[in-house]
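Inspection log for the structure reproduced underneath, given as structure tokens.
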Amino acid sequence: HAMALDPELEHRDEAIFWLGARRDGSGQSALMRLLDELPRDDEAREQVVFAISELPDGAGSRILLDLATDSGQARELRRQALFWLAHSGDEDSVAALVDLLTQ
């Protein structure tokens, strides 16, 4: 977790990815903490969104939808959440996205 917060770390993106890939269930909560702790303008937040999209068993789809619809998030982060949600292949999430876009 600390490595993912270090902007000087050369392999920071990989640290974020592998943090999310943890199979013990702690990856999701660690990624959500990173979103809260990283500065709003930190480019690493986009890597966190990608790592969320890769959470096992589609766990990230609901989070991506929440991020995409959260007006408190930065526009670029919301765009990334929409992008990865559209590529998730999760039928329910894609249907929710279509509903959101056609309202």
### Query
All other residues with a Cβ under 12 Å from the Cβ of Glu43 taken together, and with Lys, Arg as +1 and Asp, Glu as -1, what is their net charge?
-2
### Query
Using bins 5 angstrom wide from zero, how does P(r) for the chain break down, in % of all Cα pairs?
2, 14, 25, 24, 18, 10, 4, 2, 0
### Query
Assigning unit charges at the beta carbon (Lys, Arg +1; Asp, Glu -1) and nothing else, what dipole magnitude in debye, to the nearest 20, does the chain show about its Cα centre?
180 debye
#### Entry: Nitroxide proxy distance, nm - points 7 Å out along Cα→Cβ at His87 and Ala74
1.9 nm
### Query
If packing is taken as the mean number of other Cβ atoms within 10 Å per residue, what is the order of 39-46, 68-75, 25-32, highest first?
25-32, 39-46, 68-75
### Task
Compute the length gained on full extension between Val98 and Glu43: take 0.36 nm times their separation in residues and subtract their Cα-Cα distance, giving the result in nm to one decimal.
17.1 nm
### Task
Compute the relative contact order of the chain as a whole-number percentage, counting only Cα pairs closer than 8 Å that sit 6 or more residues apart in sequence.
20 percent
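Just so you know, all these numbers are worked out from the coordinates, no wet-lab data involved. This structure is a prediction, so every number in the text was calculated from the model and none was measured. Cβ atoms come from the backbone with ideal geometry, glycine included; neighbour counts cover every protein chain shown.
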